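S.K.: For reference, the structure I am asking about is given below.
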Amino acid sequence: MKKIKISPSILSADFSELGKEIKRLDEAGADLIHVDVMDGHFVPNLTIGPPVIKALRKFTNIPFDVHLMISPVHKYIKDFADAGSDIITIHPETTDNLDSSINHIKDMKKKVGISLNPDKPISLIKNYLKDINLVLIMSVYPGFGGQKFIPEVVNKISELDNIRKTNNFKFEIEVDGGIDFTNSKEVINAGANILVSGTTIFKENNGDLKKNIETLKKI
Ligand code: DX5
Ligand code: ZN
């Protein structure tokens, strides 16, 4: 059976104690730490940048799964790599040259993720699937935590999983937005193996991180 990984989004954490929150996630069994970077331009919200990621790096050895929602993204990739990102995920519409942005991330020795908003088809990235480590399927329009899961993306996950099987590609499939205990099984069964979650991880069961991580992983 494939290994399911949980990537808690620190967007729902207590921002006044981010270091402690990351330690708590580490102790609770998080597989990755999902960091949502927003620029108030590509998405209508602002969050954090490289200095904060750098400051947080010392609190855990768990890989940082950095989701860049910034445009234009290319000139910032090095800063995020140097700050301690392990996976750098970008949206295709935020770069003039997706090829060169992918290569730039690879040159920095980081894993490459490409993210698709709910209205973006797989055809947009099909030529890159052989070269990347991860596809991040957005199950909400990015910008805010706590939004409702868009069920239509489940078909996109299945389609992507089929393309992966047919071509023997190696990329992982991650899903982001509105993941909860009612839809986690569905996305896993469709082919996803990494689930991002902010609200469910930090708010369900009175914020019992370990229980929420374990429950999301159960198929
Ligand atoms: C949405 C972000 C997500 C979000 C997930 O713009 O990319 O990572 O924080 O949060 P929940 O689980 O609350 O939808
Ligand atoms: Zn995200």
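The values are calculated or read from the model by the stated rules, or taken from the named source; none is laboratory data. Keep in mind the model is a prediction, meaning the values are calculated, not measured. No Cβ is skipped: glycine too gets one built from the backbone with ideal geometry, and neighbour counts run over all protein chains shown.
S.K.: Please count how many residues of the range 31-48 are in contact (Cβ under 8 Å) with a residue 12 or more places away in the chain, within 16 Å of ligand 2 (Cβ to nearest atom), more than 15 Å from ASP86 (Cα to Cα) and in a loop (DSSP other than H, G, I, E, B).
M.R.: Residues of the range 31-48 in contact (Cβ under 8 Å) with a residue 12 or more places away in the chain: 31-39, 41-45, 47-48.
In the following step, the residues that additionally are within 16 Å of ligand 2 (Cβ to nearest atom) were identified as 31-39, 42-45, 47-48.
Subset that is more than 15 Å from ASP86 (Cα to Cα): 38-39, 42-45, 47-48.
Pick out the ones that are also in a loop (DSSP other than H, G, I, E, B) and you get 42-45, 47-48.
Number of matching residues: 6.
S.K.: Does any residue of the range 89-107 turn out to be within 26 Å of ARG24 (Cα to Cα), at pLDDT 95 or above and touching a Phe, Trp or Tyr at 6+ places or on another chain (Cβ under 7 Å)?
M.R.: Initially, the range 89-107 is screened for residues within 26 Å of ARG24 (Cα to Cα), giving 89.
Checking which are at pLDDT 95 or above leaves us with 89.
Next cut, touching a Phe, Trp or Tyr at 6+ places or on another chain (Cβ under 7 Å) only: none.
No: zero hits.
S.K.: Next question, about the same structure. State all residues of the range 1-30 that are in a strand (DSSP E or B) and farther than 13 Å from GLY198 by Cα; if no residue qualifies, say none. Walk me through it before giving the result.
M.R.: Filtering the range 1-30 for residues in a strand (DSSP E or B) gives 5-9.
Passing the criteria: only LYS5.
S.K.: Only one of (1) surrounded by fewer than 21 Cβ atoms within 10 Å (Cβ to Cβ); (2) within 16 Å of ligand 1 (Cβ to nearest atom); (3) not aliphatic (A, V, I, L, M) is not met by LYS130, so which one is it?
M.R.: Failing condition for LYS130: (2).
S.K.: Looking at the range 181-201, which of the residues that are part of a helix (DSSP H, G or I) and near ligand 1 (Cβ under 8 Å from one of its atoms) is surrounded by the fewest Cβ atoms within 10 Å (Cβ to Cβ)?
M.R.: Of the range 181-201, the ones part of a helix (DSSP H, G or I) are 184-190, 199-201.
Now narrow it down to the ones that are near ligand 1 (Cβ under 8 Å from one of its atoms): 199-201.
Numbers: THR199: 18, THR200: 26, ILE201: 32.
Of everything passing the filter in the range 181-201, THR199 is surrounded by the fewest Cβ atoms within 10 Å (Cβ to Cβ).
S.K.: Would you check if there is a residue in the range 96-108 being out of contact with any Ser or Thr (no Cβ under 9 Å at 6 or more places or on another chain), among the hydroxyl-bearing types (Ser, Thr, Tyr) and surrounded by fewer than 17 Cβ atoms within 10 Å (Cβ to Cβ)?
M.R.: Yes, the range 96-108 has at least one match.
S.K.: Right, here's the next one. Could you list, in sequence order, the residues of the range 1-11 that are over 16 Å from GLY49 (Cα atoms), within 16 Å of ligand 2 (Cβ to nearest atom) and in contact with a helix residue (DSSP H, G or I) (Cβ under 9 Å, 6 or more places away or on another chain)?
M.R.: At the first step, the residues of the range 1-11 found to be over 16 Å from GLY49 (Cα atoms) are 1-8.
This time we only want the ones that are within 16 Å of ligand 2 (Cβ to nearest atom), so: 5-8.
Matches in the range 1-11: LYS5, ILE6, PRO8.
S.K.: Sort through LYS120, LYS148, LYS111, LYS156 and tell me the only one that's among the charged types (D, E, K, R), within 16 Å of ligand 2 (Cβ to nearest atom) and touching a strand residue (DSSP E or B) at 6+ places or on another chain (Cβ under 7 Å). If you could, list the steps in order and put the result at the bottom.
M.R.: Numbers: LYS120 fails: touching a strand residue (DSSP E or B) at 6+ places or on another chain (Cβ under 7 Å); LYS148 fails: touching a strand residue (DSSP E or B) at 6+ places or on another chain (Cβ under 7 Å); LYS156 fails: within 16 Å of ligand 2 (Cβ to nearest atom).
From the options LYS120, LYS148, LYS111, LYS156, the qualifying one is LYS111.
S.K.: Also: Which condition from (1) within 16 Å of ligand 1 (Cβ to nearest atom); (2) on the phi > 0 side of the Ramachandran plot is the one that GLY84 breaks?
M.R.: (1)
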